[in-house]
Structures are given as structure tokens and as C-alpha cells.
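Asker: Have a look at the structure that comes next, please.
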Amino acid sequence: MKQRTREQVAMHVSLVTLIQNVALSVFKLAAGLLSHSGAMVSDAVHSASDVMTTFVVMAGVKLANKASDKEHPYGHERLECVAAILLSVLLGLTGLGIGWAGVEKIRAGGSALAAPGGLALVAAVVSIVVKEVMYWYTRAAARETGSGALMADAWHHRSDALSSVGSFIGILGARIGLPILDPVASVVICVFIVKAAVDIFRDAVSKMTDRSCDDATVQALRDIVLADEQVLRIDRLSTRIFGDKFYVELEIATDADLSLAQAHEIAEHVHDAVERAFAQVKHCMVHVNPAEEQP
């Protein structure tokens, strides 16, 4: 996928997320107030806070897709990793906040919840469905574009869905005389959210530390290069992840009797084949060695 198209996809998904969060926050707040549900009001505030995370995603994607300049000749892709790190921290804090609130209610004996109206249950179900749909929608776009920030935002949707599950259990429990179910569910949900935040954080940090590509990607690269009959062997193949893209450095061996122009043509052919096969390749550098010499 071309860079401009990748940015357009990410920005479109973020705009949909922004509109959805605002609408859902207003709906849940109204339902919470009308049904006298403190859990649903808290859930509404949680959704409203997600508007900020969406702006972080949009800023990260926009900055990451800026063209190279004099001060940043290799581009700005790592800024999207920065956005993913920020989102992972916000996600982790959200999870810890949910867990802490649950622990406090357990210590209070679950008496903090009053019996709310049925509208709060409806709002919780709507929130679960909408947020789960948004999770899969954003996750698909993240995989399509290779965006770490979008993937982090997708997991933020999942955390909201889990939070609403907790609200539903708590509201239902309060209505049937078991308010302790809400804080217990919150603690369990906290564990899942924090784990997702840690995974996102580790993935973003690894992309900022020049880690090589996985073995499957390296093997696929080798297969593409060796598919050229004029490439006699690969002397060196190195990869370096840069944000959500990666660099490829190749040394290939060809017939030692070829002219400089012929060797250059082979290098260009290999270069183009690699960049066609992998949209994530930011640049492929190919060096040609005469086959009679070993590296």
C-alpha cells in the first residue's frame, strides 16, 4: 500500500472512531443519568476520554507520514511508534484505574452500587456491541496498513468493550441483589487490559531499536532474490525495522564476467522485485559481488 493511501485509511478510521466515541459518550451519559446508574456514568466518562486517544492516533499517523527533510533524511515513521507507546500507557492506566476502583468496591463490601434502572443495562449492551465492532474494524485497518498506533487504538476499543461488560455485570448484579459482581468483574478486566497495554508497549519499543525482521520474512526475501536466475548466491542479507516499515541490505553474487552495466541492471531488477513484493520495505540497497570472490 502506498504511503498516501495508508495515511488516508488510518485517518478515515480515526475520524469514524472520533464520531463514534462522541455519540456513544452522550448516549451512555444520558442513560446513566436517567437510570441513576453511577457505573454507566463512569463508563460514559471513560468513552469521552477516548476522544483524546483518537487525537493522539491522528497526530501520530500524520507526523509519521511526513516526507523526509533535511533534518530527518530517513523519514518520520518512528513517530507512530511514539504514538503507540503513549496509547499503551493510557491503556495501562485505564486498566489499572478500573482494577483499583474494583478493589475499593470489594473492600467496601460491594455496597457502593445502588439498584439502577433498566435503561442502563440497554446502554451497556449497546456499548459492548459498538465497541467490539469498532475493535475488529480498527484492527483490520491496522493490519492492512501496518500501523502500530491503529492497533493500539483497536485494543483501546476492546478495553472499552470489556469495561462495559463490567458495567453490565455490575448493573445486573445490583438489580438482582449481588452488587459485588461489578468490582470482581472490574479486577478481572483490569488484568486483560494491562496485558494488552504491555504487549503494545513492547512491540512499539522493539520497532524503535533496529530489530531485524522475523525468520519467515527473511526467508521470503531470500526466495524472491534467488528467483532471479542471474543471482548465483546471497552473500549477505540484513533487515532493519524502522517504525512500521523496514530496510533491506543485500549483497548478491553474479557472474564475474558481466559488465558494470549488466551487474547494475541485475541489482535494479532485484531491488524492484523486493519492493514490489513487500509494501513495508522503505528502501532496499543491493550490492553486487563477482561470484568468484567470497565475502
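The values are calculated or read from the model by the stated rules, or taken from the named source; none is laboratory data. On a predicted model such as this, the values are computed, not experimentally measured, just so you know. As a convention, Cβ positions derive from the backbone with ideal geometry for all residues, glycine included, and neighbour counts pool all protein chains shown. All accessible areas refer to the heavy atoms of the entire protein, side chains included, with ligands and DNA or RNA removed. Shrake-Rupley method; radii C 1.70, N 1.55, O 1.52, S 1.80 Å.
Asker: Quick one: in region 178-199, of everything that is aliphatic (A, V, I, L, M) and open to solvent by less than 30 Å² (accessible area, probe 1.4 Å), which residue is modelled with the highest pLDDT?
Answerer: Ala197
Asker: Under the condition of being assigned to a loop (DSSP other than H, G, I, E, B) and surrounded by fewer than 22 Cβ atoms within 10 Å (Cβ to Cβ), which residue from region 78-117 is modelled with the highest pLDDT?
Answerer: Taking the candidates together, the pick is Ala108.
Asker: Whether any residue in region 133-142 is closer than 23 Å to Ala30 by Cα and open to solvent by 50 Å² or more (accessible area, probe 1.4 Å) is what I want to check.
Answerer: Looking through region 133-142, at least one residue is closer than 23 Å to Ala30 by Cα and open to solvent by 50 Å² or more (accessible area, probe 1.4 Å).
Asker: State all residues of region 150-177 that are aliphatic (A, V, I, L, M), open to solvent by 10 Å² or more (accessible area, probe 1.4 Å) and within 15 Å of Ala123 (Cα to Cα); if no residue qualifies, say none.
Answerer: Within region 150-177, Leu162, Val165, Ile169, Leu172 qualify.
Asker: Would you pick out the residues in region 225-234 that are in contact (Cβ under 8 Å) with a residue 12 or more places away in the chain and open to solvent by 30 Å² or more (accessible area, probe 1.4 Å)?
Answerer: If the condition is that a residue be in contact (Cβ under 8 Å) with a residue 12 or more places away in the chain and open to solvent by 30 Å² or more (accessible area, probe 1.4 Å), then Ala227, Gln230, Leu232, Arg233 are the ones that fit.
Asker: For the subset of region 205-216 comprising residues that are touching a residue at least 24 places away in the same chain (Cβ under 8 Å) and of a type in the set (Ser, Thr, Tyr), which member is least open to solvent (accessible area, probe 1.4 Å)?
Answerer: Ser206
Asker: Might you check whether a residue that is within 26 Å of Ala149 (Cα to Cα), at pLDDT below 90, out of contact with any strand residue (DSSP E or B) (no Cβ under 6 Å at 6 or more places or on another chain) and not basic (Lys, Arg) occurs anywhere in region 243-255?
Answerer: yes
Asker: All but one of (1) more than 27 Å from Ser159 (Cβ to Cβ); (2) in contact (Cβ under 8 Å) with a residue 40 or more places away in the chain; (3) more than 21 Å from the chain's Cα centre (by Cα) hold for Lys282; which doesn't?
Answerer: (3)
Asker: A follow-up question, please. Residues to consider are Arg202, Arg222; find the one that is open to solvent by 50 Å² or more (accessible area, probe 1.4 Å) and more than 22 Å from the chain's Cα centre (by Cα).
Answerer: Only one candidate qualifies: Arg222.
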